[in-house]
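K.L.:
This is the structure, below, for whatever I ask next.
No lab work stands behind these numbers, since they all come straight from the coordinates. Because the structure is a prediction, the values reported are computed rather than measured. Reconstructed Cβ throughout: ideal geometry from the backbone, glycine too, with neighbour counts over all protein chains shown.
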Amino acid sequence: MSKSKILVVDDEQMNVELLEGILSKEYDVVTAMSGTEALIKVEKTFPDLILLDIMMPNMNGYAVCKNLKQPGTMSIPV
């Protein structure tokens, strides 16, 4: 059985690395460093869960959520 996939989105490299280190033992972890990159990764990998930072430059977490709540991705928990 394959592992569940988690997308970790944060503009702070240290936070991404910390979460990836903790989660990668039990989950497939995909990372993104911006909201724009997160939306691209969602389309390519369709994760089971998204851990999303709110305070990011250019596209904050609220804007990412708004973009995700569309048919096809609205069922992914954030």
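K.L.:
For n ≥ 4 DSSP H runs only, could you compute -39500 (n - 2.57) per run for the chain, divide by its residues and tell me the 222 nm figure to the nearest 500?
P.N.:
On the way: 3 runs with 30 residues, N = 78.
My calculation for the chain gives -11500 deg cm²/dmol from helical runs alone.
K.L.:
Moving to a separate point now. Would you work out the relative contact order for the chain, in percent, from Cα pairs under 8 angstrom that are 6 or more residues apart?
P.N.:
Numbers: 118 pairs, mean separation 26.0, N = 78.
RCO, the chain: 33 percent.
K.L.:
For the chain, with only Lys/Arg (+1) and Asp/Glu (-1) charged at the beta-carbon, what is the dipole magnitude about the Cα centre, in debye rounded to 20? Mind showing how you got there, number by number?
P.N.:
Numbers: 7 positive and 11 negative charges, 73 e Å.
Around 340 debye, computed over the chain.
K.L.:
Could I ask something else about it? So, in the chain, how many Lys pairs have Cα atoms under 19 Å apart, if the pair is 8 or more places apart or on different chains?
P.N.:
The number of close lysine pairs in the chain is 11.
K.L.:
Which GluC sites (Glu not before Pro) in the chain pass both tests, a DSSP loop state and at most 15 other beta-carbon atoms within 10 Å? Provide the component values of the computation, followed by the final result.
P.N.:
On the way: sites: Glu12, Glu17, Glu20, Glu26, Glu37, Glu43; in loops: Glu12, Glu26.
Loop-located and lightly packed - Glu12, Glu26.
K.L.:
Once you mark the trypsin sites (Lys or Arg not before Pro) that are in a DSSP loop and have at most 15 other Cβ atoms within 10 Å, what is the longest gap between them in the chain? Intermediate results must be reported in sequence, preceding the final value.
P.N.:
Working: sites that count: Lys3, Lys25, Lys69.
Between exposed loop sites, the widest span is 26-68.
K.L.:
Using the Cβ atoms and a cut-off under 14 Å, what net charge is assigned to the surroundings of Tyr27, where Lys and Arg are +1 and Asp and Glu are -1?
P.N.:
Details: positive: Lys3, Lys5, Lys25; negative: Glu20, Glu26, Asp28, Asp48.
Result for the local shell: -1.
K.L.:
If you build the convex hull over the alpha carbons only and average its shadow over all orientations, what do you get for the chain? Give it in nm² to one decimal.
P.N.:
Numbers: hull surface 19.6 nm².
Directional mean of the projected Cα hull area for the chain stands at 4.9 nm².
K.L.:
What's the local net charge at Ser2, with K and R +1, D and E -1, over the other residues with C-beta under 13 Å away? Display every interim value, and only then the final one.
P.N.:
Details: positive: Lys3, Lys5; negative: Glu26, Asp28, Asp48.
That works out to -1.
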